[in-house]
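Undergrad: This is the structure I want to talk about, given as structure tokens.
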Amino acid sequence: MWLKLGNWATRGKELPSQSWTMNADASYDFSSNDPFPFPRYTDDWFNSHGTRCAGEVSAAANNNICGVGVAYNSKVAGIRMLDQPFMTDIIEASSISHMPQVIDIYSASWGPTDDGKTVDGPRELTLQAMADGVNKGRGGKGSIYVWASGDGGSYDDCNCDGYASSMWTISINSAINDGRTALYDESCSSTLASTFSNGRKRNPEAGVATTDLYGNCTLRHSGTSAAAPEAAGVFALALEANPNLTWRDMQHLSVLTSKRNQLHDEVHQWRRNGVGLEFNHLFGYGVLDAGGMVKMAKEWKTVPERFHCVAGSIQETHKIQSGNKLVLAITTEACQGKDNFVRYLEHVQAVVTVNASRRGDLNINMTSPMGTKSILLSRRPRDDDSKVGFDKWPFMTTHTWGEDPRGTWVLEVGFQGEEPQRGVLKEWTLMLHGTQSAPYIDQIVRDYQSKLAMSKKEELEEELDEAVERSLKSLLSKNN
């Protein structure tokens, strides 16, 4: 099966290469408005980024050039969109919605500046393009958006990047070859999984091997920019095994087949959520397992319909001061009894409006009814903003995946830093996204030690408990 992968507009530009198969008809240059997305050559090889990313995914096998792509039977569609003095909403929207019935996967290693002080995300047209992509792309199965989580390191937080933290994208972080975090890794609760990228060694060739400009090869590709295309390649393999996978199926498969292995985060411990799924604040649910994902994809049954519930909203103004955490609670039935009831969680968004004397010192945590704590915002020491704050910003977490959202959610807002700060929270709206019926109960289990087996067992037990409870209520009502 031939797959078309697109949007290799990764802080750089694209170069058609004999090292991979290019789909010229699906390619476009939005920087120059022509169908030829060639890179603009510079002496410092600044525009090599997209060519390197493309090679990771689709570099041809058995031609003795550079290496082999993760999905070497796939085709690349090059989109040039960043090589102009300015960026517009319409250029972004056009790029990520280009030929959505031809392109299956859009891999993006670009986003807001990773300077530790920027808060930015997609504008109106780009948001609509993403929504249309997941709802209408690929014949209604949904375009698959893969996003690099960012290279801001411990000074930044990828939940301040509205592209990587979107529930419509699969945000990918990176690990180095010995399983540790890379120094450039950002951590956040929206990251779903990880792949491997360059290490901490000073050796300039301790990076990812791939194709390069001018017919060359490189051993120096690096950052989460190199991690995201690897993930795109894995997803292409899964689609090759099962072309009927939806954009949500791909996220479920990522959660269920990613592995902890020897991944080690010196700051954040590995924890289990309320249904036993192990996650890490930086690595997400672990490193992608291509073989495991392809094997599960072959027999995968599309997950049930997705619903959205506004679980509650606090609109009153609340003051925040150093030394005293603001603690708020929303108790919800998750729209039970309504058409949009959410029983099994996928994504959770906390839409927050907050201002502070120093935005970078804000720290926001949210705890689910099943006891899973998500760090929605960590301290960003370089962010001195005292005016803009966060305006209806959708902080997102994937850490409560599969949980029952009914009960009390707790939001904690405080300051971390040496100087005393003050702030005002004006809104917290809790938004739940997930299914009404159990997503794994009908899946075929081959490995009884797997996360799928554990999750299916959990769902069966919950379904049985709820059926017994309904029967008891029915009997009691008849007796009364």
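Undergrad: How big is the charge dipole of the range 306-435 about its Cα centre, in debye rounded to the nearest 20, if each Lys and Arg gets +1 on its Cβ and each Asp and Glu gets -1 on its Cβ?
TA: 100
Undergrad: Now for a different question. Between the DSSP loop rule and a limit of at most 16 other Cβ atoms within 10 Å, which trypsin sites (Lys or Arg not before Pro) in the range 231-292 are left?
TA: Values: sites: R248, K259, R260, R271, R272; in loops: R260.
Passing both the DSSP loop test and the Cβ count: R260.
Undergrad: Another question, if that's okay. On a straight-distance basis, which lysines could pair with K338 in a cross-link, Cα separation under 23 angstrom, same-chain partners fewer than 8 positions away excluded?
TA: K473
Undergrad: Something else about it: How would the range 4-298 be classified by its alpha-carbon gyration tensor: rounded, prolate or oblate, with rounded meaning a/c under 1.5 and the a/b versus b/c comparison settling the rest?
TA: Because its axes are fairly even, with a/c under 1.5, the range 4-298 counts as rounded.
Undergrad: Using the alpha-carbon atoms, what tilt in degrees (0 to 90, nearest 10) does helix 224-241 show relative to the longest principal axis of the chain?
TA: So the helix axis and the longest Cα principal axis differ by about 80 degrees.
Undergrad: Tell me, which longest segment in the chain has none of the chymotrypsin sites (Phe, Trp or Tyr not before Pro) that fall in DSSP loops with at most 10 further Cβ atoms within 10 Å?
TA: 87-447
Undergrad: Any aspartates and glutamates with Cα under 20 Å of the K457 Cα? List them, leaving off those in the same chain fewer than 8 positions away.
TA: D249, E278, E299, E346, E403, D404, D442, D447, D465, E466, E469
Undergrad: Which FRET efficiency value, to the nearest 0.05, do you get for K478 and R272 by plugging their Cβ-Cβ distance into 1/(1 + (r/R0)^6) with R0 = 41 Å?
TA: For R0 = 41 Å, the calculated efficiency reads 0.55.
Undergrad: Need the full-extension length gain, L328 to K301, defined as separation in residues times 0.36 nm minus the C-alpha distance. One decimal, nm.
TA: 5.8 nm
Undergrad: Modelling each spin label as a point 7 Å along the Cα-to-Cβ direction, I'd like the K392/N62 distance in nm, to one decimal.
TA: 5.6
Undergrad: Based on DSSP loop calls and a cut-off of at most 15 other Cβ atoms within 10 Å, the longest stretch of the chain free of exposed GluC sites (Glu not before Pro) is what? Before the final figure, lay out the partial values.
TA: Working: sites that count: E205, E266, E299, E305, E316, E333, E418.
Free of exposed loop sites, the longest segment is 1-204.
Undergrad: Separate question: Can you give the Rg to Rh ratio for the range 66-129, taking only C-alpha atoms and Rh from Kirkwood?
TA: Working: Rg = 14.3 Å, Rh = 14.0 Å.
Radius of gyration over Kirkwood radius for the range 66-129 works out to 1.02.
Undergrad: Follow-up question, since we're still on this one. Are there trypsin sites (Lys or Arg not before Pro) in the range 178-247 that DSSP puts in a loop and that have at most 10 other Cβ atoms within 10 Å, and which ones?
TA: Those that pass, being in a loop and sparsely packed, are R202.
Undergrad: OK, next. Which value at 222 nm does the chain reach when only helices count, each DSSP H run of 4 or more adding -39,500 (n - 2.57), with the total divided by all residues and rounded to the nearest 500 deg cm²/dmol?
TA: Helices in the chain give a 222 nm mean residue ellipticity of -6500 deg cm²/dmol.
Undergrad: About the Cα centre of the chain, what is the dipole size in debye to 20, counting +1 per Lys and Arg Cβ and -1 per Asp and Glu Cβ, all else neutral?
TA: The calculation lands at about 500 debye.
Undergrad: Which angle between 0 and 90 degrees, to the nearest 10, do you get for helix 124-136 versus the longest principal axis of the chain when only C-alpha atoms count?
TA: Tilt relative to the chain: about 80 degrees.
Undergrad: Here's something else I'd like to know. Mind grabbing the base-10 log of I(q)/I(0) for the range 361-414 at q = 0.25 Å⁻¹? Debye formula, identical points on the C-alpha positions, no solvent, two decimal places.
TA: Summing over Cα pairs of the range 361-414 leads to -1.05.
Undergrad: If you don't mind, another one. For K117, give me every one of the lysines with a C-alpha distance below 18 angstrom, ignoring sequence neighbours fewer than eight places off in its own chain.
TA: K387, K392
We did not get these values from a lab; they are worked out from the coordinates using the rules stated. These figures come from a predicted structure and were not determined experimentally. So basically every Cβ, Gly included, is an ideal-geometry build from the backbone, and we count neighbours across all protein chains shown.
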